[in-house]
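Structure first, commentary second.
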Amino acid sequence: MIYLDNAATTPLSPSVLKIVQDTNTKLFANNSSIHVAGKTAREALESARFSLSNIFGVNTSGLYFTSGATESINMLLQGYCKQLLRNGSTRNQIVISKIEHPAVHETVHYLKTLGFIIHELQNDNFGRVLVDDLNSYINHNTAIVAVMAVNNETGVVQDIENLINIVKSFDEKILFFTDTVQALGKISTTKITKMADGFCGSAHKVGGPKGVGFLFVKPEFRILPLTYGGDQEHSLRPGTTNVPGINLMSAAFADRNINFTINFEHVTSLNKYLEECLKNKKINFRRTIPFEYTSPYIFSVLLPMNSDRLLEELSKREICISKRSACSSQSHSKSRILESIFIDHDEIDRIVRVSFSPESTKSEIDVFVENLVDIL
Ligand code: PLP
C-alpha cells in the first residue's frame, strides 16, 4: 500500500512503535492511585508534561492532556467563553479565519447560540488571512481571535506572529488561539508557541497514537471545565488519564523535534520531486497554493479529473491520498476552505491533497505518479 494521506493521520513512527509495548506494560497504572504503580504512572505523566512544555517553550502549568485536538479546541473556546459569561464580561465577540478546521468553525457557531458574535476574516486567493480585516474586526469587546497556523486542506501557512502582534498591541486581554495541529513538529513554531495564549496538538498527526492530544492555555486566561467528575488535569479534564498514550505522544513530538531539520528537508525534496514528476509526465496540473506559501508536508493540487473518481481508482490500486479534511470527506458539500479560495466550482471538484510524513519516499511518489498517468 502507498500511503500519502499523512495530514489525515499518520501510522505510528518507527521510534514510537519500538516503545509501545514497554510503555503500555510499565505505565498501565492509574496515575491517581497512591500505591507504587500509581506513583510510577504519575511520574511518567509529569515527565511527559515537562518534556512537551520544554519542546514548545511554555510553562508546564498551562498544558492539559486531552483525547485530541478537537477536544482541546472545544475545551479552550467553550471553556473560556463560559468563564466570561459567568463573570458577566462584556467581551462577546469572536474573530476566526474563514478557513478554520471544523473543530473551531463549528464550536464558535455553537457559541453563537450562547450570545457570542462571530466575525470571519476573509483571505486572499492563496488562503492567507487579510490583515486589514483583522484590524477592522478587533475591538474592546473581542474575547478571542482564532487563526490556524497551517491549513489542513491546502497547507497554507499563516503569519501568526504578525497577527498576534496586531491583536496584542491593540488589547493584551484578547485571547489569541492558534490551531497548531498541522504545524507542530512540521514547520518552525518556536516563536508562535511562546507568543500565543493558546494552542493545541494531536499525537496522531506526528507519528503518535490516536486519541491523545493536548491543550496549552496561558494560566491568566481562566477556563471552565466542559465535563465534571474528577480532579485530573486540575479538574479541567476529569477522567482516568491515558498515561501510556501521553508518553507515546511525548516520544513522538520529541522525535519530530530532534529530527526537525532532516525531516523538513526530506519532505521539501519529496514535495518538489512530486511536482517535477507531474511535469515530466506532462500531466495537466496546477498547485492550489504556490509552494512558498505552504507547509512542505501538504501538496494540494488541481488535476484533470474529478477527485472522487480519482480517489476511488487510486484506492482500488491501494494508493491513499485524499480530497479534503478527513473529518468532512464523507460530506457531499463543497469544501468551505477551497470555496474561500476558488470561485470556480468545477475546479474545486478536481483538487486532491497529497500529504507526506518523514517516512514517505520518492519510490512511493513514483508509484503514485505512474498510476495517476495510467488512470488519467
Ligand atoms: N485541527 C486541524 C488543523 C486538523 O487537521 C485536525 C485533524 O484533522 C484537528 C484540528 C482535529 O484533530 P483531532 O483528530 O486530534 O481531533
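Let me confirm something: among 153, 120, which residue is touching a helix residue (DSSP H, G or I) at 6+ places or on another chain (Cβ under 6 Å) and within 22 Å of residue 74 (Cα to Cα)?
Result of the check over 153, 120: 153.
When the residues of the range 336-350 are narrowed to those that are of a type outside the set (Asp, Glu), surrounded by fewer than 22 Cβ atoms within 10 Å (Cβ to Cβ) and modelled with pLDDT of 70 or more, which ends up farthest from the ligand (Cβ to nearest atom)?
Across the range 336-350, the extreme among qualifying residues is 345.
Restricting to the range 111-150, give me the number of residues that are farther than 17 Å from residue 168 by Cβ, assigned to a strand (DSSP E or B) and out of contact with any Asp or Glu (no Cβ under 9 Å at 6 or more places or on another chain).
Within the range 111-150, residues that are farther than 17 Å from residue 168 by Cβ, assigned to a strand (DSSP E or B) and out of contact with any Asp or Glu (no Cβ under 9 Å at 6 or more places or on another chain) number 2.
Checking the conditions here, which among 236, 184 is out of contact with any Gly (no Cβ under 6 Å at 6 or more places or on another chain), within 21 Å of residue 46 (Cα to Cα) and either buried (at least 24 other Cβ atoms within 10 Å of the Cβ) or touching a residue at least 40 places away in the same chain (Cβ under 8 Å) (or both)?
Numbers: 184 fails: out of contact with any Gly (no Cβ under 6 Å at 6 or more places or on another chain).
Sole residue among the options that is out of contact with any Gly (no Cβ under 6 Å at 6 or more places or on another chain), within 21 Å of residue 46 (Cα to Cα) and either buried (at least 24 other Cβ atoms within 10 Å of the Cβ) or touching a residue at least 40 places away in the same chain (Cβ under 8 Å) (or both): 236.
Which residue pairs have Cβ atoms under 6 Å apart, sit 6 or more places apart or on different chains, and have a first residue in the range 68-81 that is under 13 Å from residue 221 (Cα atoms) and a second that is more than 6 Å from the ligand (Cβ to nearest atom) and in a helix (DSSP H, G or I)?
Once the first residue is under 13 Å from residue 221 (Cα atoms) and sits in the range 68-81, its partners that are more than 6 Å from the ligand (Cβ to nearest atom) and in a helix (DSSP H, G or I) give 77/107; 81/111.
Residue by residue, here is whether (1) more than 21 Å from the chain's Cα centre (by Cα); (2) surrounded by 15 or more Cβ atoms within 10 Å (Cβ to Cβ); (3) free of Cβ contacts under 8 Å to residues at least 12 places away in the same chain holds:
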| residue | (1), (2), (3) |
| --- | --- |
| 266 | no, yes, no |
| 278 | yes, yes, no |
| 288 | no, yes, no |
| 303 | yes, yes, no |
| 311 | yes, yes, no |
| 321 | no, yes, no |
| 365 | yes, yes, no |
| 371 | yes, yes, no |
| 374 | yes, no, yes |
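Does residue 202 qualify as being under 12 Å from the mean Cα position of the chain (by Cα) and either surrounded by fewer than 23 Cβ atoms within 10 Å (Cβ to Cβ) or farther than 23 Å from residue 130 by Cα (or both)?
So residue 202 passes the test.
Give the residues of the range 1-42 that are of a type in the set (Asp, Glu), more than 16 Å from the ligand (Cβ to nearest atom) and within 22 Å of the chain's Cα centre (by Cα), sorted by residue number.
Within the range 1-42, none qualify.
Condition first: part of a helix (DSSP H, G or I) and under 20 Å from residue 29 (Cβ atoms). Now tell me which residues in the range 45-68 satisfy that. Show your work before the answer.
Our first condition is that a residue be part of a helix (DSSP H, G or I); within the range 45-68, this holds for 45-56, 60-62.
Passing the criteria: 45, 46, 47, 48, 49, 50, 51.
Hey, any hits in the range 50-57 for a residue that's of a type outside the set (Asp, Glu), at pLDDT 95 or above and under 19 Å from residue 231 (Cα atoms)?
no
So residue 89 clears everything in (1) part of a helix (DSSP H, G or I); (2) farther than 17 Å from residue 337 by Cβ; (3) of a type in the set (Ser, Thr, Tyr) except one condition, right? Which one?
For residue 89, the failing item is (1).
Would it be correct to say that residue 45 is within 16 Å of the ligand (Cβ to nearest atom), of a type outside the set (Asp, Glu), more than 30 Å from residue 367 (Cβ to Cβ) and touching a residue at least 60 places away in the same chain (Cβ under 8 Å)?
So residue 45 does not fit the description; no.
Could you check the range 115-129 and list, in sequence order, the residues that are more than 18 Å from residue 288 (Cβ to Cβ) and within 21 Å of the chain's Cα centre (by Cα)?
120, 121
Just name the residue that is nearest to residue 222 (Cα to Cα) out of those in the range 111-164 that are among the hydroxyl-bearing types (Ser, Thr, Tyr) and either within 16 Å of the ligand (Cβ to nearest atom) or surrounded by fewer than 13 Cβ atoms within 10 Å (Cβ to Cβ) (or both).
Filtering first and then ranking leaves 113.
So how many residues does the range 52-89 have that are within 16 Å of the ligand (Cβ to nearest atom), of a type in the set (Ser, Thr, Tyr) and surrounded by fewer than 20 Cβ atoms within 10 Å (Cβ to Cβ)?
Counting residues in the range 52-89 that are within 16 Å of the ligand (Cβ to nearest atom), of a type in the set (Ser, Thr, Tyr) and surrounded by fewer than 20 Cβ atoms within 10 Å (Cβ to Cβ) gives 1.
The values are calculated or read from the model by the stated rules, or taken from the named source; none is laboratory data. Every value quoted in this text rests on a predicted model; they were computed, and no experiment measured them. Reconstructed Cβ throughout: ideal geometry from the backbone, glycine too, with neighbour counts over all protein chains shown.
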